[in-house]
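A.B. asks: Once you've had a glance at the structure underneath, I'll fire off some questions.
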Amino acid sequence: MIKKLDDPKTLVRQEAYEDLLYFDERAIPKLIKALKNKNRRIRCYAAGLLGELGGEHVIQSLTPILNDKDKRTREVASESIESIKKTLKLKDQHTIKVSLQKKDMQQTESRKKDHVELVIAKGAQYAKTSGFERVDFIHNALPEISLSSVDLSTKFLGKSIRYPLLITGMTGGYSDAEKINRGLAAAAQKHSIAFGVGSQRAMIEKPELAKTYKVRDVAPDIPLLANIGGFQLKKYSFGQIDSLVQTIEADALAVHLNPLQEVIQPEGDTDFTGVLGAISATCDKLSVPVLVKETGAGISQETAIKLKEAGAKWLDVSGAGGTSWSKVEYLRYLKNAGVHGFEDWGIPTVEAIIQCRGVLPLIASGGVRSGIDGAKAIALGADLCGAAYPFIKALRAKSLEQSLGVFEKQMQICAYLTGSKTIEELKKAKMRIN
Ligand SMILES: Cc1cc2nc3c(=O)[nH]c(=O)nc-3n(C[C@H](O)[C@H](O)[C@H](O)COP(=O)(O)O)c2cc1C
């Protein structure tokens, strides 16, 4: 049969290629080679057969054929790519369903794993933007400082950091999460920035999971944030909440508000009555400061004032324009998710910063995707910027160190080009909102 692939008669060659199909994926290299055949019919035929066999790397080989000089070959290659993409999507959805059905994992643990894997694989980002593209620094053509003199170091939770960045809380509570938290925390320590673990609800339910959040041995010096949902403050005792902070030796407790996400989850908590009171009680008793954060839908001025009165010491606006938690849940539950239509719900980050600045010390996260966005957030009134999605993606791609380096450089250059030597001067840099 292999010999027939080089037969001078087109028909014989076609038959041989068709036979290759029965040899499953092992036929793929031969067919990919055939995409370069001088004979347009062979190229066309191979493109069609590759569509049947599929696989992500086949898409890569078929992509150049979209520019083939033969029209029919181009069409067939395009159809094959579409068909492979469809199959991959179905497989993906199946994998997610299977992961959801795993009975041996507690629901909380499996949910955290699904979230991380879905966000990394699918992005699940807002369609609307955080608004940073509408904000420009007024360029200073005569900065009268040197780039090397820029120093963006600041204090956060009583500790010094080299530049004003927090890797916001994402995960914990399952075996891979331990590696993720330790990887993020070690990089944060190396870059001297702040880090937060994800929701510690799983370790209340299963104390043996505490090790998946413990990072002090790799991050001894940086500001470290514990994390729990506002809803859980109602449910668990003060002792249980306090132990979340003590166990991981955190400098503050981040309390996350996520009514949007919960309302989309079929098993979500949809009674937020009493959450403000529970935050207030926690702020009264806890020995470390409480920071209240959203999870991507933003905080308004009215809410910020209530949180200040409740005793919160910091806010993270976590506005819309970055990771969309309703989108994540829609992806997770596919057709069984709650009411659709809330993919783009939320206050964009820039608007949330403008609403909340001056109320409490502020962290700006939600769609902060570069040090330039971060510097704009500082100039708009935040004290620190933060991000989640770009850093978990970079960790998985083994490029976290590089990403953090670029982020810092971008912030420094923004300071330089506005003539700002320090974070205090950057806060006063002139801006234009388009
Ligand atoms: C994979 C993932 C998991 C998250 N889990 C948590 C969490 O457990 N607790 C929390 O407060 N926020 C959580 N968040 C929200 C982030 O901390 C952040 O507020 C939000 O994603 C907006 O930032 P981004 O646009 O940079 O992702 C998570 C975000 C991601 C991407």
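A.B. asks: At each listed q (0.15 Å⁻¹), what is the log10 of I(q)/I(0) that the Debye formula gives for the range 102-160 modelled as equal alpha-carbon point scatterers?
C.D. replies: Debye curve over Cα of the range 102-160, log10 I(q)/I(0) at q = 0.15 Å⁻¹: -0.88.
A.B. asks: May I have the pair-distance distribution P(r) for the chain, computed from all Cα-Cα distances with 20 Å bins from 0 and rounded to whole percent?
C.D. replies: Binned Cα distances yield the sequence 24, 46, 24, 7, 0.
A.B. asks: What are the residues whose amide H is under 5 Å from the amide H of Ile347, where those residues sit 5 or more places off or on another chain and H is modelled from the backbone?
C.D. replies: HN-HN under 5 Å from Ile347: Gly298, Ala320.
A.B. asks: Please list 203-213, 280-290 highest first by mean number of surrounding beta-carbon atoms within 10 Å per residue. List each step's numbers first, then the result.
C.D. replies: On the way: 203-213: 18.5, 280-290: 16.5.
Those peptides, ordered most packed to least, come out 203-213, 280-290.
A.B. asks: Something else about it: Is any residue of the range 214-239 close enough, with backbone N under 16 Å, to a label point placed 7 angstrom from the Cα of Gln246 along the Cα-Cβ axis, and if so, which?
C.D. replies: It comes to 226, 237-239, nothing else.
A.B. asks: If you add up the charges near Gly274, with Lys and Arg at +1 and Asp and Glu at -1, over every other residue whose beta carbon is less than 14 angstrom from its beta carbon, what do you get? Present the calculation step by step, with values, prior to reporting the outcome.
C.D. replies: Details: positive: Lys234, Lys235, Lys306; negative: Asp269, Asp271.
Value of the local net charge: +1.
A.B. asks: Can you name the helices of the chain, as whole DSSP H runs, whose Cα span along the helix axis is 18 Å or more and whose Kyte-Doolittle mean is not below 0.0? Write out the running numbers ahead of the final one.
C.D. replies: On the way: long enough: 40-53 (20 Å, 0.21); 71-101 (45 Å, -0.86); 107-122 (21 Å, -1.02); 175-191 (25 Å, -0.79); 400-417 (26 Å, 0.29).
Counting only whole DSSP H runs, the qualifying helices are 40-53, 400-417.
A.B. asks: Too long at a 22 Å Cα-Cα cut-off: which of Lys206/Lys308; Lys190/Lys409; Lys179/Lys398; Lys155/Lys313; Lys234/Lys313?
C.D. replies: Numbers: Lys206/Lys308 32 Å; Lys190/Lys409 15 Å; Lys179/Lys398 13 Å; Lys155/Lys313 14 Å; Lys234/Lys313 20 Å.
With Cα atoms farther than 22 Å apart: Lys206/Lys308.
A.B. asks: Calculate, axis by axis, the spread of Cα positions in the range 228-380 along the three principal axes, and write the results as whole Å, longest axis first.
C.D. replies: Taking the Cα atoms of the range 228-380, the three principal extents are 41, 40, 29 Å.
A.B. asks: Scan the range 148-200 for chymotrypsin sites (Phe, Trp or Tyr not before Pro) in coil per DSSP, keeping those whose Cβ has at most 10 other Cβ atoms within 10 Å, and list them by number. Working shown, then result.
C.D. replies: Values: sites: Phe156, Tyr174, Phe195; in loops: Tyr174.
Passing sites in the range 148-200 do not exist.
A.B. asks: Could you compute the net charge surrounding Val116? Neighbours are other residues with a C-beta less than 13 Å from the C-beta of Val116; K and R count +1, D and E count -1.
C.D. replies: Details: positive: Arg111, Lys112, Lys113, Lys122, Lys179, Arg332, Lys393, Arg396; negative: Glu109, Asp114, Glu117, Asp176, Glu178.
Counting the neighbours of Val116, the net charge comes to +3.
A.B. asks: Give me D for the range 331-434 in µm² s⁻¹, whole number, from Stokes-Einstein with Rh from the Kirkwood sum over alpha-carbon pairs, 10 °C and 1.306 mPa s. Let's see the in-between values first.
C.D. replies: On the way: Rh = 15.4 Å.
Result for D is 103 µm²/s.
A.B. asks: Work through the residues other than Pro223 whose Cβ is under 15 Å from its Cβ and net out their charges, Lys, Arg +1 and Asp, Glu -1. Don't skip to the end; give the middle numbers.
C.D. replies: On the way: positive: Lys155, Lys159, Arg162, Lys190, Arg216, Lys293, Lys313; negative: Asp221, Glu249, Asp251, Asp316, Asp383.
Net local charge, Pro223 excluded: +2.
A.B. asks: Taking Cα pairs under 8 Å and at least six residues apart, what relative contact order does the chain come out at, in percent? Display every interim value, and only then the final one.
C.D. replies: Details: 826 pairs, mean separation 69.8, N = 434.
This gives 16 percent for the chain.
A.B. asks: A follow-up question, please. Which residue, chosen from Leu53, Val218, Asn258, occupies the Cα position most advanced towards the positive end of the dipole of the chain, where the dipole is computed from +1 (Lys, Arg) and -1 (Asp, Glu) charges on Cβ about the Cα centre?
C.D. replies: Leu53
A.B. asks: Rank by packing, highest mean first: peptides 216-226, 342-352, with packing defined as the count of other Cβ atoms within 10 Å averaged across residues. Before the final figure, lay out each step's value.
C.D. replies: Working: 216-226: 19.5, 342-352: 23.5.
Peptide ranking by packing, descending: 342-352, 216-226.
A.B. asks: Another question, then. Can I get the semi-axes of the range 186-255's equivalent ellipsoid? Compute them from the C-alpha gyration tensor as square roots of 5 times the eigenvalues, in angstrom, largest first. Let's see the in-between values first.
C.D. replies: Details: eigenvalues 97, 29, 17 Å².
In descending order, the three semi-axes are 22, 12, 9 Å.
A.B. asks: Rounded to the nearest 5, what % of DSSP beta bridges with both residues in the chain are antiparallel? Intermediate results must be reported in sequence, preceding the final value.
C.D. replies: Details: 7 of 33 bridges.
Roughly 20 percent of the beta bridges in the chain run antiparallel, per DSSP.
Bear in mind that the values in this text are calculations on the coordinates, not laboratory data. A quick note: this is a predicted structure, and the numbers were derived from the prediction, not measured. Note: ideal-geometry Cβ built from the backbone for every residue, glycine included; neighbour counts use all protein chains shown.
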